[in-house]
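> Before I ask anything, let me first share the structure, which is written out below as structure tokens.
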Amino acid sequence: MKKPKKDILNDVKICIDEIGLNDADFIGSQDNVEMDTIISSKIMDALRYVQGNADWSLLEPDLFIDRETEGVTVYEGIGKIILPDNFMRLCYARFSSWPLFLSEPIYWNDKEYATLSDPYATGTWERPKIAMVMHKKRTLELYKAKDEKDEIEVGIIIEPVLTEEGEVNISEKLYIALVYYIAGLTLLTYNDPHADDMINQALVLMGVNPTKEVPATE
């Protein structure tokens, strides 16, 4: 969904205010413009982190790719999709004959990638596999189609941008996580002890176990 920057600023400040002025002494003394500037500077990093690390079930693709998209080919049952330069994360991919969607590719530098060239170990329409490779461009490979005319469905997330209208795109299911994460990064800037609580709450809302996650950076 599209979310205006001004709404994000307002929601983050409300989130911080809910800590309570007695617990966060700096809040009442901060210039509103200064806090807006700090919050604004965290939005893109937070959006990239939240959308890049959240559980797949919470994602909403920014871009959809099919057989008609430029850079998509199918040859001998193998689908190849040249991904755009602003690609950030794969949400799902499938041929229409597959019994399921896949979201975790085998990478070109993984030993398992070599098995995709083995006719007995490669993916099939009944037991499909996907791979991510780096040739001249990042390419997603789908193994394999049941029929050369199978349709392709791919959903991806692209690098976040702030539109001319002052909006960003965020999965509706992840918006509250984004607000908490931005609040956490903002509190880190002020060295406030509540920062970790905000970030951990964001991780929970992202479907991530905070105890296993790399600590956030300012």
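The values are calculated or read from the model by the stated rules, or taken from the named source; none is laboratory data. What you see is a predicted model; the values in this text were computed from it and never measured. Using ideal geometry, Cβ is built from the backbone for each residue, glycine included, and neighbour counts are taken over all protein chains shown. Calculation scope for accessible area: heavy atoms of the full protein, side chains included, ligands and nucleic acids excluded. Shrake-Rupley method; radii C 1.70, N 1.55, O 1.52, S 1.80 Å.
> Starting at the first residue of segment 6-19, write each ³J(HN,Hα) from the Karplus equation 6.51 cos²θ - 1.76 cosθ + 1.60 with θ = phi - 60°, in whole Hz, x for Gly and Pro.
Once rounded to whole Hz, the list reads 5, 5, 5, 4, 5, 5, 5, 5, 5, 4, 5, 4, 5, 4.
> Moving on. Among the lysines, select those whose C-alpha is under 27 Å from the C-alpha of LYS80, and discard any that sit fewer than 8 residues away in the same chain.
The qualifying lysines are LYS111, LYS129, LYS136, LYS137, LYS144, LYS146, LYS149.
> Also, quick follow-up: Give me the distance in nm between label points sitting 7 Å out from Cα along the Cα-to-Cβ direction at VAL33 and SER96, one decimal.
For the pair VAL33/SER96, the computed spacing is 5.8 nm.
> As a check on your grasp of the helix formula, calculate [θ] at 222 nm for the chain: sum -39500 (n - 2.57) over DSSP H runs of n ≥ 4, divide by the residue count, round to the nearest 500. Let's see the in-between values first.
Details: 4 runs with 61 residues, N = 218.
My calculation for the chain gives -9000 deg cm²/dmol from helical runs alone.
> Once you place label points 7 Å from the Cα toward the Cβ at ALA121 and GLU159, how far apart are they in nm?
The two pseudo-label positions are separated by 3.5 nm.
> Using Cα pairs closer than 8 Å and at least 6 residues apart in sequence, work out the relative contact order for the chain, in percent.
Numbers: 359 pairs, mean separation 62.5, N = 218.
So the answer I get is 29 percent.
> Considering the values (i) 1.04; (ii) 1.08; (iii) 1.00, which represents Rg/Rh (Cα atoms, Kirkwood Rh) as calculated for the structure under consideration?
This structure yields the entry labelled (ii).
> What do you get for trypsin sites (Lys or Arg not before Pro) in segment 119-218 restricted to DSSP loop and a cutoff of at most 11 other Cβ within 10 Å of the site's Cβ? Could the numbers behind the result be given before it?
On the way: sites: LYS129, LYS136, LYS137, ARG138, LYS144, LYS146, LYS149, LYS173, LYS212; in loops: LYS136, LYS137, LYS144, LYS146, LYS149.
Filter output for segment 119-218: LYS136, LYS149.
> So which chymotrypsin sites (Phe, Trp or Tyr not before Pro) in segment 26-120 pass both tests, a DSSP loop state and at most 11 other Cβ atoms within 10 Å of the Cβ? Please list the in-between numbers first.
On the way: sites: PHE26, TYR49, TRP56, PHE64, TYR75, PHE87, TYR92, PHE95, PHE101, TYR107, TRP108, TYR113, TYR120; in loops: PHE26, PHE101, TRP108, TYR120.
Here the chymotrypsin sites (Phe, Trp or Tyr not before Pro) that fit, given the DSSP loop and packing criteria, are TYR120.
> Take every Cα pair under 8 Å in segment 69-134 that's 6+ residues apart, average their separations, divide by the length, and report that relative contact order as a whole percent. Present the calculation step by step, with values, prior to reporting the outcome.
On the way: 62 pairs, mean separation 16.4, N = 66.
Normalised by residue count, the contact order of segment 69-134 is 25 percent.
> Continuing with the same structure: Under a 1.4 Å probe, what is the accessible area of the chain per residue, stated in Å²? Don't skip to the end; give the middle numbers.
On the way: 12070 Å² over 218 residues.
Per-residue accessible area for the chain comes out at 55 Å².
> Additional query: Determine the share of the chain's accessible area contributed by carbon and sulfur atoms, expressed in whole percent, with a 1.4 angstrom probe. Don't jump to the answer; show the numbers that get you there.
Numbers: 6060 of 12070 Å².
Within the chain, the accessible surface is 50 percent carbon and sulfur.
> Let me ask something else about it. Pull out a ≥ b ≥ c, the square roots of the eigenvalues of the alpha-carbon gyration tensor of segment 82-150, then state rounded if a/c is under 1.5, prolate if not and a/b is larger than b/c, and oblate in the remaining case.
Working: a/c = 1.84, a/b = 1.23, b/c = 1.49.
Oblate shape, in that a/c is at least 1.5 and b/c is the bigger or equal ratio.
> Once phi is turned into ³J(HN,Hα) by the Karplus curve 6.51 cos²θ - 1.76 cosθ + 1.60 with θ = phi - 60°, what whole-Hz value does each residue of segment 167-184 show in order, with x for glycine and proline?
Going residue by residue, I get 10, 10, 9, 8, 4, 4, 6, 10, 5, 5, 4, 4, 4, 5, 5, 4, 4, x Hz, with x marking Gly and Pro.
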